[in-house]
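All remarks here apply to the structure that follows.
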Amino acid sequence: MFDDGHRRDKQVTGRRDGGNNSPSGTSPPDSGPPIEETGEHYALGSARLQPHGPLWKVVDALVLVGVGGMVLTVALQVVSRGLGASIPWTEEVTRILFIYATFMGLAAGFRHAEHARIAFVIGKLPRVGQRLTVHLYVAATVTFFLIVGVKGWELVVQQFNSQERTPALGLGMYLVTLPIVGSAVLAIVAVIQSVYRSPKLRERLERGEMTTV
């Protein structure tokens with residue numbers, strides 16, 4: 001029992017010293033299997049791998065303001081109704097904030113490839129096929145959001161020309177539709193950044209791994 005415990009202590013000491021426990025002072029040729037990267041490792045390194053420039057800080061701030069504003073307006077609506085004096089514009093503001101937060105969050109999610117993908121099929125493809133699927137993913141996403149952006153812009157122009165306004169606050173409806181166009185542009189930028197400017201994320205996409213943690 002003493003010999004087994006002493007041997008385990010030497011093994012632990014050798015690992016702490018980088019595996020250099022041979023008599024000659026040189027590292028053994030085989031240092032053991034590589035440590036598998038887990039979701040925790042990726043989470044710690046994601047801040048360096050993902051784009052977090054000034055543009056995305058503004059987007060994150062808009063999402064935060066939208067979610068926080070919804071909480072406040074809903075709370076104000078509930079309290080006012082409980083007091084018997086419902087505030088009419090709270091419901092409208094909640095809907096507008098929900099639209100902004102949803103579409104801005106949709107675009108921001110593409111920085112980390114957080115949206116649904118058929119990942120288990122990609123992992124079974126040969127290496128060439130895995131690399132090709134990443135480019136198909138970018139092409140399909142860009143095409144989709146180009147269509148969304150163009151159609152959304154047509155709707156914005158139509159609402160601006162018709163002077164359509166919201167019933168409670170009298171805001172132009174084009175302001176409510178505008179985040180659709182903005183999110184389409186941001187989503188295109190995000191998917192290109194995440195794939196072609198983040199080698200680690202691209203590698204995980206090619207292997208069909210889930211990138212969320």
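The values are calculated or read from the model by the stated rules, or taken from the named source; none is laboratory data. Since the model is a prediction, treat every value here as computed from it, not as a measurement. Glycine gets a Cβ as well: all are built from the backbone with ideal geometry, and neighbour counts include every protein chain shown. Keep in mind that these areas ignore ligands, DNA and RNA; they rest on the heavy atoms of the full protein, side chains included. Shrake-Rupley method; radii C 1.70, N 1.55, O 1.52, S 1.80 Å.
Of note:
- Ala168 being open to solvent by 40 Å² or more (accessible area, probe 1.4 Å), over 21 Å from Pro54 (Cα atoms) and part of a loop (DSSP other than H, G, I, E, B): yes
- Count of region 52-84 residues which are open to solvent by less than 60 Å² (accessible area, probe 1.4 Å) and modelled with pLDDT under 85: 2
- Here Leu186 passes the criteria (1) open to solvent by 50 Å² or more (accessible area, probe 1.4 Å); (2) closer than 17 Å to Ile99 by Cβ except the one numbered (1).
- For region 129-165, the set of residues classified as crowded, with 17+ Cβ neighbours inside 10 Å and among the small types (Gly, Ala, Ser) consists of Gly149, Gly152, listed by residue number.
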